[in-house]
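Below is one structure; the comments refer to it alone.
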């Protein structure tokens, strides 16, 4: 059985810089009333921890945030669904998570988006179905994180999506 590996492939240095420091990253699993699909238990795997490790690694590789900036941000990720393939020749799993970046000084929501992605593993990857299923989960989460990283390069911190009441008008 291949290991759980949510590490997004091919993450490179970003030429765009966000003039802010990312102070914290948290990944949580949705409460039962927030779940939008399945939320399985994968034996011995802490989905939130694995997801968080992969995001930290990817953001560190991108070097998109400035560590010495005046603005400070928090990233929270809420995993709302992880639909694991039930079987077949080609295994397709899906992942859904809400990513939110908040300005810590005033509560502005700089960015928020619900991202859904799929991971597809064809028969030629492995003959054993359980291996293809695990890899389809890995790919679904990797694709989810990759979509978020692509969005990071478009964020304008001076135009929050949802300004807070504490923000000056």
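Below is a table of values for the structure above.
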| item | result |
| --- | --- |
| Criterion violated by residue 61 - all others in (1) modelled with pLDDT under 95; (2) surrounded by fewer than 19 Cβ atoms within 10 Å (Cβ to Cβ) satisfied | (1) |
| Inter-residue pairs, beta-carbon under 9 Å, first on the phi > 0 side of the Ramachandran plot and at pLDDT below 95 and in region 10-23, second assigned to a loop (DSSP other than H, G, I, E, B) and exposed (fewer than 11 other Cβ atoms within 10 Å of the Cβ), 6+ apart | none |
| Qualifying residue in region 155-166 (condition: under 17 Å from the mean Cα position of the chain (by Cα) and touching a residue at least 12 places away in the same chain (Cβ under 8 Å)) | yes |
| Residue list for region 10-33, restricted to those being surrounded by 12 or more Cβ atoms within 10 Å (Cβ to Cβ) and outside any strand (DSSP E or B) | 11, 14, 17, 20, 30 |
| Single unsatisfied condition, residue 126 versus (1) touching a helix residue (DSSP H, G or I) at 6+ places or on another chain (Cβ under 7 Å); (2) at pLDDT below 95; (3) buried (at least 19 other Cβ atoms within 10 Å of the Cβ) | (3) |
| Check on residue 36, within 20 Å of residue 142 (Cβ to Cβ), touching a strand residue (DSSP E or B) at 6+ places or on another chain (Cβ under 7 Å), in a loop (DSSP other than H, G, I, E, B) and at pLDDT 90 or above | yes |
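The values are calculated or read from the model by the stated rules, or taken from the named source; none is laboratory data. Treat the numbers as computed from the prediction; the structure is a model and nothing was measured. Every residue, glycine as well, gets a Cβ built from its backbone with ideal geometry; the counts of neighbours run over all protein chains shown.
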